[in-house]
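The values are calculated or read from the model by the stated rules, or taken from the named source; none is laboratory data. Given the structure is predicted, the values throughout are model-derived calculations rather than measurements. Because the Cβ atoms are built from the backbone with ideal geometry, glycine has one as well, and the counts that use them run over all protein chains shown. The area values use the complete protein model at the heavy-atom level, side chains included, leaving out ligands, DNA and RNA. Shrake-Rupley method; radii C 1.70, N 1.55, O 1.52, S 1.80 Å.
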Amino acid sequence: MTWNNITYAGWGRARKAKGDAARPERARALTALSKEGPAMGNCRSYGDASLNSGGKITDMTRLDRILSFDDKTGLLQVEAGMTLGELAEMFAPKGWLPMVMPGTGFCTVGGAIAMDVHGKNHHNEGSFGQHITQITLIQNGVSRDVTPNDDALWRATIGGLGQTGIIASATMQLKSCKGDVMMVTERRAENWDDHLAILDASDATYVVGWIDATARGAALGRGIVEEGETGAGLVTKPKKSRTIPMDAPNFALSAPIVKMFNNAYYRRVPAAGRTVVKPIQEFFFPLDKIHDWNRLYGKRGFHQFQCVVPLDQADALKEILEKIAHSGLASPLAVLKRMGPGRAGYMSFPMEGYTLAVDFPARDAAQSLIQQLEDKCLKAGGRIYLAKDALSRGDNIKAMYTEYGQWAAEVAKADPTKTYETDMVRRLQLRNEQ
Ligand SMILES: Cc1cc2nc3c(=O)[nH]c(=O)nc-3n(C[C@H](O)[C@H](O)[C@H](O)COP(=O)(O)OP(=O)(O)OC[C@H]3O[C@@H](n4cnc5c(N)ncnc54)[C@H](O)[C@@H]3O)c2cc1C
């Protein structure tokens, strides 16, 4: 296998690593590679979850073959480097979609399992891992099929940050859909209470709230709620992707510009609301058509803070938003969503409650703000999402994830030599004590 010494980064570009990477084309190469280090997908985790500084890493993105598909049951077996965007593009015209899709189509199947990702239908369908029926896991040169019957290993692997081995392939249940078009109803939410009330009352299959994290006072929490259903029909193909050619200068996302953008974005939907028809990718992966949009935040990169709090802690989340709105640091990309209880692994992020995700340019002030927000979230009985984290402390994570001990014990059995440790796992000291 050829190893290339590369410098690579999490999606936020604030955490970087230098080390040897292999990019195999054949699954059989994984037997040897699984003795060398962890796997990475498309590095769409924001922080350091898929980084291994000074060590070796296996880039899974060329292992993207479909292994089998049953068009009667919707059961699909794929290699783990296949992206969810490609699956949606391939299968939606045939009437099938991945059950759960996060906000980027560049997420690989392996990355989706290792983070147990959630989508705009979490309240209905739960998390990605709940629809996986089998995985092929390679642990230190030994390949084995793992199913939900292997209870502890299964729950340590789904949402388990890749610490139990390399996922070579997976079998998943697809969901039937009407076609590759979305009927999307957009309506304004005037403030926090209105926003939560619309989310609570919605019975749409897919629901998500864009929130203006710069609005304050009576307008705190205002935003736009989007409700979507799949449909069949003709709609113009998505526009060609564009690329951000260079790092943006510091003023690009300064407070007045973000405020202006948010104001215009809010008013783009008429006060009475509207229903529009969109290509499926535009609804699920709105940012993917601008390649490398993470460069908009300049050389220092950015952080995303995403937390979830239980339903009865909505006021604590409101306080978190208030703090963000007064900080003058928030970026336009902020999301509010109601989650259901579905989760598949010990370290899976979702819980029944409200989740808020906000981007911040990576500056010292944002770093200390995020620490305060995280402490508030912990106090409210919530947790932060490791796919977005670059700054947390291990003791906070261990307190937020109540099944952490079970995960750590199973990981120690699965990988006693710590071959699969990543920068995130070391930073948070997740494997130092059991
Ligand atoms: C614009 C954007 C929107 C997003 N929206 C959402 C969202 O709505 N919901 C959500 O849940 N997440 C969301 N995310 C986060 C993203 O879905 C997750 O970070 C996902 O894990 C990224 O997949 P990846 O293939 O890039 O994996 P990576 O980021 O490369 O890796 C993630 C983890 O998986 C492990 N891993 C990867 N492949 C394998 C494998 N084959 N075997 C074992 N371990 C493996 C890595 O070691 C690492 O720990 C979003 C990210 C972006 C950039």
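With the simple spin-label model, which puts each label point 7 Å out from Cα in the Cβ direction, the residue 7 to residue 151 separation comes to 4.9 nm. Using bins of 10 Å that start at zero, the share of Cα-Cα pairs per bin across region 148-287 amounts to 10, 26, 27, 26, 11, 1, in whole %. To the nearest µm²/s, what D does Stokes-Einstein give for the chain at 25 °C and 0.890 mPa s, using the Kirkwood radius over alpha carbon pairs as Rh? Calculated translational D: 112 µm²/s. Taking 0.36 nm per residue of separation and subtracting the Cα-Cα distance, full extension of the segment from residue 287 to residue 190 would add 32.5 nm. Its DSSP H runs of at least 4 residues, each contributing -39,500 (n - 2.57), put the calculated 222 nm mean residue ellipticity of the chain at -7000 deg cm²/dmol, to the nearest 500.
Compute the Cα gyration tensor for region 214-295, then decide on rounded, prolate or oblate, letting a ≥ b ≥ c be the square roots of its eigenvalues: rounded whenever a/c is under 1.5, prolate when a/b is larger than b/c in the other cases, and oblate in all that remain. Oblate, since a/c reaches 1.5 and b/c is not below a/b. When the chain is described by a simple charge dipole with +1 on each Lys and Arg Cβ and -1 on each Asp and Glu Cβ, the residue from 339, 361, 206 located farthest towards its positive end is 361.
The mean sequence distance of close C-alpha pairs (under 8 Å, at least 6 residues apart), as a share of the length of the chain, puts its relative contact order at 18 percent. The value given for region 380-434 is a Kirkwood hydrodynamic radius of 11.8 Å, derived from the mean inverse Cα-Cα separation. Only beta bridges with both residues in the chain are counted; by DSSP, about 90 percent of them are antiparallel. Considering every alpha-carbon pair of region 230-386, the percent of pairs per 5 Å bin, from zero through the bin containing the longest distance, is 2, 8, 14, 16, 18, 17, 14, 8, 3, 0. Ligands, DNA and RNA left out, the accessible area of region 93-206 computed with a 1.4 Å probe is 46% carbon and sulfur.
Rolling a 1.4 Å probe across the protein heavy atoms gives region 6-94 an accessible surface of 42 Å² per residue. Quick check: the distance between the Cα centres of region 366-386 and region 287-337, to the nearest angstrom? Cα centres, region 366-386 to region 287-337: 12 Å. The share of alpha-carbon pairs in region 70-117 lying farther apart than 12 Å comes to 61%.
Each Lys or Arg adds one and each Asp or Glu subtracts one; over the other residues with Cβ under 11 Å from the Cβ of residue 291, this totals +2.
Helix 404-414 axis versus longest C-alpha principal axis of the chain: approximately 30°, rounded to the nearest ten.
Considering only 172, 161, 270, the residue lying farthest towards the positive end of the dipole of region 158-278 is 270, judged by Cα position with unit charges set on Cβ. Where the alpha-carbon atoms of region 319-410 are placed on the principal axes, they occupy 42, 26, 21 Å, in descending order. Using Cα pairs closer than 8 Å and at least 6 residues apart in sequence, work out the relative contact order for region 301-415, in percent. Averaging sequence separation for qualifying contacts and normalising by length gives 36 percent for region 301-415.
For region 1-110, GluC sites (Glu not before Pro) meeting the loop criterion (DSSP other than H, G, I, E, B) and having at most 13 other Cβ atoms within 10 Å: 25. Sorting the segments 378-390, 91-103, 414-426 by their residues' average number of neighbouring beta-carbon atoms within 10 angstrom, most packed first, yields 378-390, 91-103, 414-426.
The label point for residue 402 and the one for residue 133, both projected 7 Å from the Cα toward the Cβ, are 3.2 nm apart. For region 75-171, what class follows from the C-alpha gyration tensor (a ≥ b ≥ c being the square roots of its eigenvalues): rounded when a/c is under 1.5, otherwise prolate if a/b is larger than b/c, else oblate? Taking the square roots of the gyration eigenvalues as a ≥ b ≥ c, region 75-171 is prolate.
Extending 7 Å from Cα along the Cβ direction at residue 26 and again at residue 144 yields two label points whose distance is 2.6 nm.
Protein heavy-atom accessible surface, 1.4 Å probe, per residue over region 284-352: 36 Å². Summary of packing: across the peptides 61-74, 338-351, 186-199, the per-residue average of other C-beta atoms within 10 Å ranks them, highest first, as 338-351, 186-199, 61-74. One decimal place: the segment residue 418-residue 261 gains 51.9 nm when fully extended, by the rule 0.36 nm per residue minus the C-alpha distance. About the centre of its Cα atoms, the chain shows a dipole size close to 1220 debye [charges on the beta carbon of Lys, Arg (+1) and Asp, Glu (-1) only; nearest 20 debye].
Ranked by the mean number of other Cβ atoms within 10 Å of their residues, highest first, the peptides 130-137, 394-401, 174-181 fall in the order 130-137, 174-181, 394-401. Taking 26 Å as the straight-line reach from the Cα of residue 376, the lysines in range (excluding those fewer than 8 positions away in the same chain) are 120, 259, 318, 323, 337, 388, 398. Taking the Cα centroid of region 68-86 and of region 148-171, what is the distance between the two, rounded to the nearest whole Å? Answer, in whole Å: 18.
The mean of 1/r over all pairs of different alpha-carbon atoms in region 1-88, once inverted, gives a Kirkwood hydrodynamic radius of 14.0 Å.
For the chain, the longest principal axis of the Cα atoms and the long axis of helix 364-379 meet at an angle of about 80 degrees.
Computed from the C-beta positions of residue 241 and residue 276 and an R0 of 30 Å, the FRET efficiency is 0.90 to the nearest 0.05. Helix 314-327 and the longest principal axis of the Cα set of the chain meet at an angle near 80°. Using a cutoff of 8 angstrom between alpha carbon atoms and counting only pairs six or more residues apart, the relative contact order for region 258-368 works out to 31 percent.
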